[in-house]
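Here is the structure we will look at.
The values are calculated or read from the model by the stated rules, or taken from the named source; none is laboratory data. Predicted, not measured: the structure shown is a model, and the values here were computed from it. In this analysis, Cβ positions are derived from the backbone assuming ideal geometry, glycine residues included, and neighbour counts consider all displayed protein chains. Each accessible area value is taken on the protein alone, full model and side chains, heavy atoms only, with ligands, DNA and RNA left out. Shrake-Rupley method; radii C 1.70, N 1.55, O 1.52, S 1.80 Å.
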Amino acid sequence: MKKEPFVTKAQLDEIIKTYPTPFHLYDEKGMRENMKALKEAFSWNKGYREYFAVKATPNPFLINILREYGCGCDCSSYTELMLSDAIGATGEDIMFSSNDTPAEEFVLADKLNDITHIDFLEKAIGHIPETISCRYNPGGMFKISNDIMDNPGDAKYGMTTEQLFEAFKILKAKGAKEFGIHAFLASNTVTNDYYPVLAKT
C-alpha cells in the first residue's frame, strides 16, 4: 500500500496563516474510511471488536469518532481510564492492558468494569472479573519474512504458552468466564505484514 500525505505543502502554508505552529492536523475522512474498511475486513467474525490504544492519541474528539464505528478504548493507565470514563466509555467499552500496574489503577478499572495480573489483581479489587485478558509472549525472535522485527524473548511482559494455559485454568477456577489474549510483539512497525504474522503466532 502506497502511503501519501493527506495534505499538500501549499495547504499547510495556508493553514499556518490562521493556526500558528505547533498544531496537530488529523485526517477525519481517512480515519472514517479506515474504520469502515477494518469493520468490513472482520465482518466474518461476529464477535470481533477493535480497541483503540488511548495512549496513541489521547484526544477525546478523535476517540469519539472511532467509537461511532463500535471501537472500544484500550487503556494502560489511570489517566486513560479517566479520559475514557469522561467520554462515556465504561464496561465492555474498555480493555485495561497496563503493564506495571499500581493497585489503585486496578481498582478504577474494576469500577469501570474491566480486565487483566491474578493474585495482585484479586488482592487489589477483591475478586476476579468475569471477563479478563492475558498478555501473551511467545519468546524468541519475531520475524516478518527474513526481517527481525523485535525480540519478544527479551521483553519483561507477557506469559509463555504454558503460563497462559495455567493462568486461564486458575482464572476460570476463580470465576472468570470470558477470556481474551493480548499480544504486542514488535514496536514501531509500519508494515502491513505485521498483523497476519502476529495472528499466526
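Details
- Close amide H partners of Phe52, meaning residues 5 or more places away or on another chain with modelled amide H under 5 Å apart, are Gly72, Cys73, Asp74.
- Per residue, the range 27-102 exposes 57 Å² of solvent-accessible protein surface, assessed with a 1.4 angstrom probe and all protein chains in place.
- Around Phe61: net Lys/Arg minus Asp/Glu count, Cβ-Cβ under 14 Å: -1
- If the segment from Ala37 to Leu25 were pulled out straight at 0.36 nm per residue, it would be longer than the present Cα-Cα gap by 2.1 nm.
- Charge tally around Leu38: other residues with Cβ under 14 Å, Lys/Arg +1 each, Asp/Glu -1 each, net +1.
- When Ser43, Ser97, Ser84 are compared by accessible area of protein heavy atoms, the largest-first order is Ser43, Ser97, Ser84, using a 1.4 Å probe.
- Long-range HN-HN contacts of Ser133 with modeled amide H, under 5 Å: Thr116, Gly180
- Accessible-area value, Met35, 1.4 Å probe, nucleic acids and ligands omitted, Å²: 20
- Computed extension length for Asn45-Ala86: 11.8 nm, one decimal, from 0.36 nm per residue of separation with the Cα-Cα distance subtracted.
- Computed accessible area, Glu130, all protein chains, 1.4 angstrom probe, square angstrom: 100
- When the surface is traced with a 1.4 Å probe over the full set of protein chains, His182 keeps roughly 40 Å² accessible.
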